[in-house]
Every structure is written in structure tokens, then in C-alpha cells.
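Reviewing the structure listed below.
The values are calculated or read from the model by the stated rules, or taken from the named source; none is laboratory data. Since the model is a prediction, treat every value here as computed from it, not as a measurement. Cβ placement follows ideal geometry from the backbone for every residue including glycine, while neighbour counts extend to all protein chains displayed.
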Amino acid sequence: MKLSLEAFRGVDKTFEIRFDTKQNLTVLYGENGSGKTTISDAFEFVVDGTAGSLEEKSLDGKPRLGQLVNARRKNADLKVSLDVANKNRVATLSGAKVQQTGTLDHRIKVLSRKNITKLIEETPANRFKRIQDFVSIPVLDREETSLNDLVLSEKRNLESQSKLITQAREVLASLFEEHAEKAKFGGQQEAWQKDILGESEETIAENFRILQDLNQEIKRLRDDFKPLAESYPSITAAVEAVRKEEAALAKLIADHSDDLAEAFDTLQQAQVFLKSGESDTCPVCDTEVGHSTLVQKVDQKLETLKAVKDQSLRTKNAKEALQSARTSQQTLQESFFSIISRLKQVHQAAVDSDQWKLPALVPSILVVEKAVDLSEDWFTQLKVEASQLKPLSEIVEKEHAALQIRRSLQADVRQALQRIKTATDDGKRIEFIIKRGEAIKKVLHDERIRHANETLTAISGNFAKLYAAIHEGEKIETIQLYLHPTKKSSAQFDGTLFGKKEASPVAYLSESHLDTLGLCLFLALEKRENPGKTILFLDDAIASVDEAHMERLYKLLLDEAAHFHHVIISSHYQPLRFKFRWGILTQSKVEFLELGQWSLERGLSLAKGPNSEIAFLRHYIEAAEDAATIAAKSGLVLERILDFLTGIYQCRLPRNPGAEQRWTLDHYKGGLKGEKNLMTTLRCEHIDDAGNVSKVVDLAPLLEDIFSRLQVRNAIGCHFKELAGHFDEIAEALALGKSTLALVEAICDEKDTLPDHRKDGCSWHNRGKSVTRRLFPLLKPE
Amino acid sequence: MTLPKESAEKLRDGLISQSLLANKAAEEVIKSLVMEKQVNWNLVISKQFESEQGGSDEAQP
């Protein structure tokens, strides 16, 4: 697995770190500020596209991802690449957004020191949010919500149906109040409703039609009565007019001979002739009458004849008016007869229906058989009897109105009852849906809770086992994660502690115990979800664990790492580094990486191992020029070797190593010299290719020589330069350097590696196929 | 997390043993849950209502 960073947080130029995934675990040691969290952030950035540790920090509103960019570089320069199991993912920034290319089959889970106890200290609701991915079955959550929504919606629907029923009942009560005959029904609304609905809709419609027809015919009779009434005097007047005009014409004709009519034509022609000429002679009798007299006479004759003609025309007109009046009257009579016939018909139908007590029609109506029977005398008789039709008209109108009300009432009652029935039927269906929906929801809910609690019980059992592996005999097995029995999305975390029930571990356990608890819970949870595809990064998460529990925790992590694709533990804790580095803790399936000090110029770096420092020391001794560097490199190599020796023999070192949290050469010196039995027995055997001991080196003289020269390192190789004037710097530095190399050559193999293995069970020997160094004793002599 | 097999079985048993849904309807619901399809509960329960109102359940074997 390889992680490459560029322009990312403290990394300016490219920094590449490889993790040996053949090992289960990588211990990434680095002092504060060396870039451990930068590496975990880079993992989260490239895998999840998040800002890692910056996600939960306040950045005063600045975009989090933008803050990942190295201070000297631009957003576009940032690039993080991760290679895992032949898959590659590259993440860059485009503006303030992450651009990820490539696919990965693995996920990253980071647990930081800051977050280690969060799961424990969270409120139950927030704790549930953090663990819900492990315990939730989203499809059940969704369907439970869906059923809940359905039930709520149907409950609202049921309320609406109930309101509809109430409203319909109010309408019925109001109709009953307004229309029911109290004398007949009293307070019995249902009996009234039955009565209203007793009559069929068809019967009411038929009766309504009969009355409507009867009413209509009476109205038509009334409407046509006046025109017919007026037609009789009109005829009489027209007859009189004809008689009068004929008499006048007869008189005129008697006064003038019939031939005047013919003369009229002749005179007209004469008139024309006279007007056209100046002759004084009559064109008919040739009498000299004078032209003007002749004209005058002709005009008089024509005037007389015109009066006859006009009277004749008036007579003709009078006759035509009479004829017209007769025709009109005939039309009226026919129409009136039609009305009478229809009236008789519908009246008979009404009488036959036996629904009403209707007065009979008047005799004048009953006797008429054809239109011509409607004479003036008949009409006079009808006029006399007309008042007798009024009761019929009133009854019909009254019954018609009553029936109209009844019909409307029946429709209203029927509609209200139908509404009640429909709403009641719908209500039954809705109640079923609500009841069944709630029952199904409970099945889903119970299964969701059962599954979650079963999962949580398994997790609880697992983390309790993990915790017990570190804190033997503390019996926190009763501490459990479980869902609150009634509150939704609430994860409780408590149990019996020191005899107190439902005790919160937060209140009873120390901070380091809570850290361990949090770590175990985290491991137990992450083991649930495809751990083989998970890379765990414990970022300085075990800093608070004391030394007494360190080895057990380490062993636990090593065991648990086998479940995951790879586990990385970053730490600034010196004892951990010490124990890993020098084999006090097993190195089986473990890779140890150390970060060097970070600087703005250099960025992140991996610290070089002791063998490379030895190579540097040889180089500087050979050059014999730089006393300070020789002293400084000697100091570094000695620190590593003495650190190793004091480590494997468990020498007593100060509890508090000082402000820098690291032991000095004097501390190591004191540690070794304090073990008198050890110093005298320390020896290293050199083994040849045939496996024989070629040389035995006692270490005590070499160490004593070195111890006597340590002040040189302090005087030349570090900052106490004021002492340097008292030394022959280069000679003293070379002496220290050579003493150091003598110790190296006595202990280290050809590759300058220390004998940090003890597989043969009797010595510390070097790694590799052939053993060339054996350091004795295996254990510190008592 | 998809619906675990054990949960699917327990849900089916719960729905059928409590006579909440007919066998066929319960099977269809579980199938939808397994395939993570949305269940139309209104339709499922309304059909169950009609079936129970009708007095006979055609879905029952």
C-alpha cells in the first residue's frame, strides 16, 4: 500500500510512504508535529473526500478542504494518491471541491485521540447516529417510516370521514326540525326519514309530472282565454263593418248607373286628350263647349265615379277583415280546444292516480267535443263557470309546490344518508388500514430492534472481551450497548459497575480506561462491517494508556489487526517506540516506521534507521574533518544502541525522561551502570559462515570507554560550545567516534543491524537467514 | 445494510403467523424488502381488507 502526498498540509513537495501490507500492523512513530495526522488526513481525503481531522474543528467559516492545501501552494497543486491491492485512487481539488479518480475496494476508518471516547461520552441519540450504520437495516427504517406516514395520513382521513358523518347527521336533524310533522313523528327522526324515503323516487317523479302537466294546462287555458274572448266581439264588429260598407256602396250604385263605370274609362281618356290640346269641341259629341268648361265637366264626372270605386274598395276591405277575423278566431278555437282536450286528459290522469282530491272540470269544458263547438255562446257559458276552476288551480299549485318540496327533501335526506353510508364504509376500510398498518409496523419495528440489539449484544460481548484482554479482572462485561426500549434512535451505554446498576462508565472509569473502552468499542464495531476491506488508522489514539497496559494493548491490536486489511497505529509515545524498536514487543507481522522532524523546508520525512547513521559516522571519521558532526553522529548511534541495550535488559531509567520526553545518553549510562551483574556478563559472539564462534567480545570495556567520553559529545556535538575550547576537538571527536564504531562492530552484524531477535531462546541474535551475532545474556542476571 | 436473511424470515413469520397478510402478499412484501424496493402499503393493506371483507382469501393456498 502506497500513499503519495503533494501540496497537502505540511507537505510541500511530494512525500511518499509505503506500508507493508504483508504485515498486519504498521506502527508509525513520530514526535508531535512530525506529520502523523497529516497522513491520516490524507487517507481520509483520498478515500472519503473529507478534510479528516479538520472536519470537526472550527475554521472560522473558511472552507475546510481549502485548508488542506500547503501554505506555499495553490489548491490546484494538491494531490493525494493511494495504491491499495492493485487499485489506485487519486484525489485533487478543483476549486473548493474534491475530484476523485480511480476506484478502491477498501475503506478507511480513522480513530483519533480526540474522538476515542466520543462514542462513550455522546448523548444516546448522537451515539446512535454514530453506530447506526452497524445496527440499522435502512430498508426497515424506511418502510417503518412509510407505514407510519400511511397510518398518520389514514388517521387524518378517518377524522375527515367522521366530520362528514357528523355534518350529514346535522343536515338530517335540521331537515327533520324544519320539515317533519311533529304531531305525527314527535322526536322520531328515523321514522320520519323512513316515511320520506318510503315513497319511491319514480312515484314522486310521476306525480310531480302529472301535477306539472295539469298546472301547465290550467296556465295555458288562462293565457289563451283573453285572446279567444276578444275574438268574438271582433267578429261582430267586422260583420257590422261589412254590412255598413255594403249599404254605402249600394246607395252610390243606386245613385249612378252601372255604365258609368265604363264611362269612367272614356272620361279618363278624354281627360288625357283635353290636357294635351286646346280644342273647344267635345271629342264625343262635337259640341262647342269651350275647352276649359269641358275640362271642368270631365273632372266632375271622374270625381263622382272615383267615389263609387273607393266605396267598393272599402267594402271589399271590410269583407277581407271579416274573413281574417274569422280565420284568427278559428285558430284560437282550435288551440283552445287542444288545451281543453289536454286539460281533460291530465285532469283525468290526476283523478285516476287517486293522490289528490281534485274538483271536477266545469261542464262547458266537459261537453266540448270539437273546436267548432267553441261558439260565442259556449264561451259566455265558460266565462260564467271560470270561477269554478279556481279551486282546482289552487289545489294543483299547492300540491305541486308541496311535491316539489318533498322531492327536494327526499333528495336531501337520501344524499345525507348516502354520505353517512359511504363515510361509514370508508371509515371501516380506513380503520382496517390503520389497525393493520400499526400491527405490520410493529412487526417491522420489533425485528429492527431485535436485529439491532442482537448486533449490539454481539458488539458489546466482543468489546468486553477486548477490554478484558487489556484490563484483566476489571469485569466490565455488564457494560453494554443497547437500544433504548422506548425512545427511537437512542443507544444506551451502561451497566453494573462496582455493584451500582445502570452506571455510566464515563462517571466511574479513569480517562485512560475510558480511552481503552472507546478503542475496544471502535474495534468491535469496525469488525462488524467487512473488516477485510477496511484500513484502520489509530491516530495517536493510545497515548493515554500507561506502560503497565501497553504490552497487552499492543498484543490485542496485533491480534485484532489480522481481521482487517491493514492497521496503522500512529503514536508519539516514546516507550511504545522503544519497545517496538528493540523487540521487547513482538515484531512478528509488524512494520515499524518512524517520521523525522518536520520542517517548513523539508516537509514530512521518514527517519533513517541506525544503520544509515552508522554509515554516516564511518564516512565522517574517515574524512576526519568535522568534529561536531562526528560527535553528533556518534551521539545518535550511541542513543540507539544504548536505548536497545537498556530496553532489552529492562534497565532502570528515570520515570520522567525530561522536558523533551526522551532519555539522554547519561540516562542510558546510569541505567546500564546500575546493573552491575549485567555489565560484567555482557558479551557478543561472532559466528562464522560454518556456524562456529569466531570471536567473543566483552562489552563492558567498550562501554566503559564510551562512558568516559560522553562529555565530548556534549561539548562538541551539541550546543555547549563554550566547553569546546578545552578539547582538541577533532582528536576527541575521533576517539569517541571510533569507540562508538568499536561497539557497533562488536554488536551489529554486517548490515549494521542490532541483534533484536531471541528466537533461539538463549541469546539476542541478528535477523536474517544466517546468525552472525549472538548477544548474551538473554535476560538480565538477578 | 441489506435485509439480513434471518430478518426476512422472521418478518415473513411475523406477518403470516399474526394473520396480518396472506401468504402471497407477505411473500411479495418480503421480496420487495429484500430487493430494497418501496412497498405500497396502502395497496397491500387495502387488498388485504377487500380479501377479508369478501370472506374468502384467494391468495391463501
ask   = For residue A:117, all conditions in the list (1) within 14 Å of chain B (Cβ to nearest Cβ); (2) surrounded by 15 or more Cβ atoms within 10 Å (Cβ to Cβ); (3) among the hydroxyl-bearing types (Ser, Thr, Tyr) hold save one; what is the number of the exception?
value = (1)
query = Does segment A:436-446 include one or more residues that are closer than 30 Å to residue B:2 by Cα, in contact (Cβ under 8 Å) with a residue 12 or more places away in the chain and either more than 14 Å from chain B (Cβ to nearest Cβ) or among the β-branched types (Val, Ile, Thr) (or both)?
reply = yes
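Per-residue answers, yes or no, for (1) free of Cβ contacts under 8 Å to residues at least 12 places away in the same chain; (2) in a helix (DSSP H, G or I); (3) not polar (S, T, N, Q):
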residue	(1), (2), (3)
A:495	no, no, yes
A:506	no, yes, yes
A:516	no, yes, no
A:523	no, yes, yes
task = Return the only residue of A:16, A:56 being within 23 Å of residue A:518 (Cβ to Cβ) and either modelled with pLDDT of 90 or more or assigned by TED's automatic domain parsing to the domain that holds residue A:553 (or both).
result = A:56
request  = Out of A:57, A:87, A:129, A:62, report the one residue that is touching a residue at least 24 places away in the same chain (Cβ under 8 Å) and more than 14 Å from every other protein chain (Cβ to nearest Cβ).
outcome  = A:129
query = Which of the residues spanning segment A:132-165 are facing another protein chain (nearest Cβ under 9 Å), surrounded by fewer than 16 Cβ atoms within 10 Å (Cβ to Cβ) and in contact (Cβ under 8 Å) with a residue 40 or more places away in the chain?
reply = A:133
ask   = Among strands (runs of 3 or more DSSP E) lying entirely in segment A:40-134, which contain 2 or more residues that are of a type in the set (D, E, K, R)?
value = A:79-84, A:87-94, A:107-112
inquiry  = Looking at residue A:551 and the list (1) closer than 18 Å to residue A:21 by Cα; (2) in a helix (DSSP H, G or I), which single condition is not satisfied?
reply    = (1)
message = I'm trying to understand the selection: among the residues of segment B:1-20, which are at the interface with another protein chain (Cβ under 7 Å from one of its Cβ atoms) and surrounded by 17 or more Cβ atoms within 10 Å (Cβ to Cβ)?
response = B:1, B:3, B:7, B:11, B:14, B:15, B:20
ask   = Listed residues A:89, A:73, A:9; which is farther than 20 Å from residue A:597 by Cα, more than 34 Å from the chain's Cα centre (by Cα) and of a type in the set (Lys, Arg)?
value = A:73
key: Extreme residue, surrounded by the most Cβ atoms within 10 Å (Cβ to Cβ), among residues of segment B:35-51 that are assigned to a helix (DSSP H, G or I) and more than 8 Å from chain A (Cβ to nearest Cβ)   = B:44
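Residues are listed down the side, and each one gets a yes or a no for (1) closer than 30 Å to residue A:205 by Cβ; (2) surrounded by fewer than 19 Cβ atoms within 10 Å (Cβ to Cβ); (3) without any contact (Cβ under 8 Å) to a residue 12 or more places away in the chain:
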site: A:329; (1), (2), (3): no, no, no
site: A:333; (1), (2), (3): no, no, no
site: A:339; (1), (2), (3): yes, no, no
site: A:345; (1), (2), (3): yes, yes, yes
site: A:353; (1), (2), (3): yes, yes, no
site: A:369; (1), (2), (3): no, yes, yes
Qualifying positions in segment A:567-605 - at pLDDT 80 or above and more than 19 Å from residue A:543 (Cβ to Cβ) = A:591, A:596, A:599, A:600, A:601, A:602, A:603, A:604, A:605
task = Quickly run through segment B:21-34 and pick out the residues that are more than 9 Å from every other protein chain (Cβ to nearest Cβ), assigned to a helix (DSSP H, G or I) and of a type outside the set (Val, Ile, Thr).
result = B:23, B:24, B:25, B:26, B:27, B:28, B:31
query = Quick one: what pairs do we get from segment A:419-433, first residue away from chain B (no Cβ under 14 Å) and in a helix (DSSP H, G or I), second surrounded by 14 or more Cβ atoms within 10 Å (Cβ to Cβ) and basic (Lys, Arg), C-beta under 8 Å, 6+ apart or different chains?
reply = A:420/A:169
